[in-house]
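The values are calculated or read from the model by the stated rules, or taken from the named source; none is laboratory data. Bear in mind the structure is a predicted one, so any value in this text is a computation, not a measurement. Here Cβ is always computed from backbone atoms with ideal geometry, including for glycine, and neighbour counts include all displayed protein chains.
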Amino acid sequence: MSKGTTSEIVLRNLGKTKIKITPIGQGVMQFAGGTTFMKFVYPALTDKESNSIVKTALDGGINWFDTAEAYGFGLSEEKLSKGLQAAGIEDEEVVIATKWMPMMRRAESIRKTIANRLKHLHPYSIDLHQIHMPYSLSSFQKQFDAMADIFEEGHIKSIGISNFSAKQMRKAHEILEEKDLVLASNQVNYSLIKRNIESNGVLDAAKELGITIISWSPLQSGILSGKFHKDKEMFKNQPAVRRLRSRNQIKESQNLIDVLENIAANHKATITQVALNWLVNFHGKIVVAIPGATKANQAESNSRAMRIQLSKNELKEIDEKSRQFI
Ligand SMILES: NC(=O)c1ccc[n+]([C@@H]2O[C@H](COP(=O)([O-])OP(=O)(O)OC[C@H]3O[C@@H](n4cnc5c(N)ncnc54)[C@H](OP(=O)(O)O)[C@@H]3O)[C@@H](O)[C@H]2O)c1
């Protein structure tokens, strides 16, 4: 992407908090590659490689990163911290989102594990702490009581959720509102080929309550780069987990990829950049995205997606061509 349709990066508020974030953040789940269940999806990255992804994202204007306890049980957080330190970044210059893993755990574990999160991320603080999924053994009330406690104690600067339905989101908002706190965000799988939040009430609830939607897998694990449509061999060589998840999506999205490619050419951009730009602009400022990367050049390219300016007609055309995925 070069001249022509570039635009400045405008920061957005994370929900109704005062935290300012770029429309695109950097997902760093890939930093746990080679370990735990991640080894079935992503290879291990050396510190040199992960440091380079962090530095490149920052150089591209990205000001925030998304990690989680579940990504290698501290490994992704630790490698993120190493990358930020290597880039000479101070705590107040970056926004960090991490998550508590609720599976088979009670709410007390939120309090018990916060020291670990901070240890792995040291010297950086947690701007957003998210409940990774709505599957704790404890009630929502107890989980948000615990989140509120660690917020009041100053361990985290805002509270979010992930993979919550519209109903669960409204409940979380209600519990926090009673405590005079805000629910900042709901992180869900949202992409041009997975648009169900537009029909299941999640997006409507977010708009109504001022909750930011953080789109995970905004490229649907790389499918929306168009690289697998072009190179079937490359797809065949992907780990089984990725192949099984994506097989049908590749066939079903060929027409959309063609449209994205035409629009990308108008902007001297890539399919990926157009797909990401649509996601963070079509619904105003409510959606932000956190593409992951296994290589620094992907982080560089993805950060540039913030600088394209798609016309209203282009946004509409992409919408029309992907409505089958709502
Ligand atoms: N809350 C949750 O439950 C949840 C679940 C999943 C992910 N997440 C978060 O969301 C982030 C993103 O999700 P994701 O990594 O699953 O999906 P994604 O962002 O849709 O896809 C990332 C993958 O796409 C490929 N890619 C990225 N940029 C590219 C480019 N410019 N050109 C070509 N290929 C490119 C890379 O794959 P290659 O391996 O082919 O290089 C990369 O590993 C994660 O890092 C994590 O922070 C959250």
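Observations, loosely collected:
- Of all residues in the range 204-248 being over 20 Å from the mean Cα position of the chain (by Cα) and polar (S, T, N, Q), the one that is nearest to the ligand (Cβ to nearest atom): Q238
- The range 174-203, residues that are away from the ligand (no atom under 11 Å from the Cβ), charged (D, E, K, R) and in contact (Cβ under 8 Å) with a residue 60 or more places away in the chain: R195, E198
- The lone exception for K18 - which of (1) without any contact (Cβ under 8 Å) to a residue 24 or more places away in the chain; (2) away from the ligand (no atom under 15 Å from the Cβ); (3) assigned to a helix (DSSP H, G or I); (4) of a type in the set (D, E, K, R) it fails: (3)
- Identity of the residue in the range 39-63, farther than 14 Å from A293 by Cα and under 18 Å from the mean Cα position of the chain (by Cα), that ends up surrounded by the fewest Cβ atoms within 10 Å (Cβ to Cβ): G61
- Failed item, numbered, when I175 is tested on (1) over 21 Å from F65 (Cβ atoms); (2) touching a Lys or Arg at 6+ places or on another chain (Cβ under 7 Å); (3) of a type in the set (A, V, I, L, M, F, W, C): (2)
- Criterion (surrounded by 24 or more Cβ atoms within 10 Å (Cβ to Cβ) and more than 30 Å from F37 (Cβ to Cβ)) met by exactly one of N277, N255, N262, N281: N277
- Checked across the range 48-60, the condition of being touching a Phe, Trp or Tyr at 6+ places or on another chain (Cβ under 7 Å) and not in a strand (DSSP E or B) holds for at least one residue.
- Taking the criterion of being touching a residue at least 60 places away in the same chain (Cβ under 8 Å) and either among the aliphatic types (A, V, I, L, M) or surrounded by fewer than 22 Cβ atoms within 10 Å (Cβ to Cβ) (or both), the residues of the range 204-216 that qualify are A206, K207, G210, I211, I213, I214, W216.
- Matching residues in the range 251-272 - criterion: being within 13 Å of the ligand (Cβ to nearest atom), more than 14 Å from S322 (Cβ to Cβ) and assigned to a helix (DSSP H, G or I): A264, T272
- The residue that is nearest to E92 (Cα to Cα), counting only those in the range 9-30 that are touching a Gly at 6+ places or on another chain (Cβ under 6 Å) and hydrophobic (A, V, I, L, M, F, W, C), is I9.
- For the range 16-29, the count of residues that are among the hydroxyl-bearing types (S, T, Y), within 23 Å of L75 (Cβ to Cβ) and modelled with pLDDT of 95 or more is zero.
- When the range 282-312 is filtered for residues that are within 6 Å of the ligand (Cβ to nearest atom) and part of a helix (DSSP H, G or I), the ones remaining, listed by number, are Q298, S301, N302.
- Flag if T67 is under 19 Å from the mean Cα position of the chain (by Cα), of a type in the set (V, I, T) and either surrounded by fewer than 23 Cβ atoms within 10 Å (Cβ to Cβ) or within 18 Å of S215 (Cα to Cα) (or both): yes
- Checking each residue in the range 214-250 for being outside any helix (DSSP H, G or I) and either of a type in the set (S, T, N, Q) or out of contact with any Ser or Thr (no Cβ under 7 Å at 6 or more places or on another chain) (or both) picks out S215, W216, S217, Q220, S221, G222, G226, D231, N237, Q238, P239.
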